Amino acid sequence: AQTVTQSQPEMSVQEAETVTLSCTYDTSESDYYLFWYKQPPSRQMILVIRQEAYKQQNATENRFSVNFQKAAKSFSLKISDSQLGDAAMYFCAYSNRGLRLDTGTASKLTFGTGTRLQVTL
Amino acid sequence: NAGVTQTPKFRVLKTGQSMTLLCAQDMNHEYMYWYRQDPGMGLRLIHYSVGEGTTAKGEVPDGYNVSRLKKQNFLLGLESAAPSQTSVYFCASSYSGGIDEQFFGPGTRLTVL
């Protein structure tokens, strides 16, 4: 079974600074997908960024970027120019490229335990 | 376009009572999921569905049942609630499974006394 590990329960960053959240995963698959989801105090889960394992180029979404190291099974999230609105729980998640239920498998997400990010003035 | 909605938002049950959580999505997604979120444990998959009329077990299915009679709805049932089922429950949907973005509902906070 796949596992996702986030070793930093809490992180803090000053406004306008850069912070990196760590994530490692364990899998025997070669084709899979990795995600970072954000959960603000409102509890609403929002996709931040998505990475396809077969793409070597690191994904980027505005101030958010990832450092994907496939051999090391590492998938860290870098937030640049941090803003107060970035304060949230961040979850790393893994999904394999599964098939449909009628074939016995289906792709689904496995989440890490989350990192709570505080943004200070 | 409401996205994913969940009913109710809060509920308090006594041990042994039953209830059903309703999830509805208006994005015509095939895949739907039920997760529970507990402190320090992230989100864990309870059950999921890959299409109307199908359901499958996730990581923590014991004590829960589900049904997907209509494509847009995914129901989660607790037949005999236990204090261990106190949690926040999230429903999610996606177009083509875990490889795509999952859209989440706002969550249901359930307390079992």
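Bear in mind that the values in this text are calculations on the coordinates, not laboratory data. Everything numeric in this text was worked out from a predicted model, so none of it was measured. Quick reminder, even Gly has a Cβ in these numbers, built from the backbone with ideal geometry, and neighbours come from all protein chains shown.
If every alpha-carbon in chain A counts as one equal scatterer, what log10 I(q)/I(0) does Debye give at q = 0.11, 0.20 1/Å? Log10 of I(q)/I(0), two decimals: -0.36, -1.08.
Residues in the range A:50-61 carry Karplus couplings, in order, of 9, 10, 8, 5, 7, 9, 6, 6, 6, 6, 9, 9 Hz; the curve used is 6.51 cos²θ - 1.76 cosθ + 1.60 with θ = phi - 60°, and Gly or Pro positions show x. Neighbour counts of other Cβ atoms within 10 Å put B:LEU78, B:LEU113 in the fewest-to-most order B:LEU113, B:LEU78.
If you rank B:ARG68, A:ARG43 by fewest surrounding Cβ atoms within 10 Å, what's the result?
Numbers: B:ARG68 20, A:ARG43 16.
So the ranking, lowest neighbour count to highest, is A:ARG43, B:ARG68.
Pairs spanning more than 29 Å between alpha-carbon atoms, out of A:LYS55/B:LYS57; B:LYS9/B:LYS57; A:LYS38/B:LYS9; A:LYS78/B:LYS70; A:LYS108/B:LYS71: A:LYS55/B:LYS57; A:LYS78/B:LYS70.
The simple Förster model, with R0 at 30 Å and r as the Cβ-Cβ distance, assigns B:THR111 and A:GLN83 a FRET efficiency of 0.35. Find how many whole Å separate the alpha carbon centroid of the range B:41-113 from the alpha carbon centroid of the range A:3-54. The two parts, judged by their Cα centres, are 22 Å apart. So how strong a dipole does the range A:62-101 carry about its Cα centre when Lys and Arg Cβ are +1 and Asp and Glu Cβ are -1, to the nearest 20 debye? Here the range A:62-101 has a charge dipole of around 340 debye. Applying a DSSP loop filter and a limit of 15 other Cβ atoms within 10 Å to the GluC sites (Glu not before Pro) in the range A:24-121 leaves A:GLU29.
Between beta-carbons, use under 13 Å as the cut-off and find the net charge around B:ILE46, counting Lys and Arg +1, Asp and Glu -1. In short, +1. Only the Cβ atoms of Lys and Arg (+1) and of Asp and Glu (-1) were treated as charged; on that basis the dipole of the protein assembly as shown about its Cα centre amounts to roughly 420 debye.
Peptide B:89-100 has a mean shielding of 5, counted as Cβ atoms of other protein chains within 10 Å of each residue's Cβ.
Restricting to Cα pairs below 8 Å that are 6+ residues apart, what does the relative contact order work out to for chain A? Please round to a whole percent.
After rounding, I find 36 percent.
Counting only Cβ charges, +1 for Lys and Arg and -1 for Asp and Glu, the dipole size of chain B around its Cα centre is about 380 debye. With contacts taken as Cα pairs under 8 Å at a separation of at least 6 residues, chain B carries a relative contact order of 35 percent.
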